Amino acid sequence: MPGIGPGLLPVGAVGWQNEQENQMKQRLLLLVVGLVALGTGVHFARYYILDRAPVVTLQKGALASTVSQSLTNSPDNVAPVIGKNYTIQSVTYFDNDAWAVVRINPVNNYASPAVIVLHLQNGSYKTILGPGSSFPSSSAQNVPTTVLYYLNSHKLTTNEIAD
């Protein structure tokens, strides 16, 4: 006759409980390993695949004035208005937000899509390059390597033809 184990259950039943607990522990371990792998994969995608640029919450409103001023090109110096004349498609920050690459799109064919490179100086962003659809490699040499890598990888730089 089988012996009586803890909790007044047959010894075989206790072994069955331990097996069930072990299966639950294995499932939990697999879940934790899967979540860690997923987190690592997301970090890898954000950092290496997306041009080593951290994903940052866009602060489009804060840059709107600087972008509008850089787009001012008319004889009467009237700055275009965000939402009316153009929209900010994306902002990618570099070097602890000291540099930003802003992609803009026109509204109602106001202008061509463009890119502007901004540098934080004395608490506000100043236009360093642009607006433009691409920049000569020589003019992009004044930006940090991270920004240059981004411009090159997005085909926003051109090689100049020597005379």
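The values are calculated or read from the model by the stated rules, or taken from the named source; none is laboratory data. In this text, all values refer to a predicted model and were calculated from it rather than measured experimentally. All Cβ positions, even for glycine, are placed from backbone atoms using ideal geometry, and neighbour counts span all protein chains on display.
Scan segment 112-139 and report the pairs whose first residue is closer than 16 Å to residue 90 by Cβ and in a loop (DSSP other than H, G, I, E, B) and whose second residue is at pLDDT 90 or above and not basic (Lys, Arg), with Cβ atoms within less than 9 Å and a gap of 6+ or a chain change. Here the result reads 133/115, each pair linking segment 112-139 to a residue that is at pLDDT 90 or above and not basic (Lys, Arg). Among the candidates 130, 123, the residue that is modelled with pLDDT of 80 or more, at positive phi and either in contact with a strand residue (DSSP E or B) (Cβ under 8 Å, 6 or more places away or on another chain) or not small (Gly, Ala, Ser) (or both) is uniquely 130. Residue count for segment 81-111, restricted to those that are assigned to a strand (DSSP E or B), of a type in the set (A, V, I, L, M) and closer than 23 Å to residue 152 by Cα: 6.
Being more than 17 Å from the chain's Cα centre (by Cα) and part of a loop (DSSP other than H, G, I, E, B) is the filter; apply it to segment 141-159 and report the residue that is nearest to residue 114 (Cα to Cα). For segment 141-159, the residue satisfying everything is 156. Would you mind stating whether residue 77 is closer than 19 Å to residue 63 by Cα, at pLDDT below 80 and over 24 Å from the mean Cα position of the chain (by Cα)? It is true that residue 77 is closer than 19 Å to residue 63 by Cα, at pLDDT below 80 and over 24 Å from the mean Cα position of the chain (by Cα).
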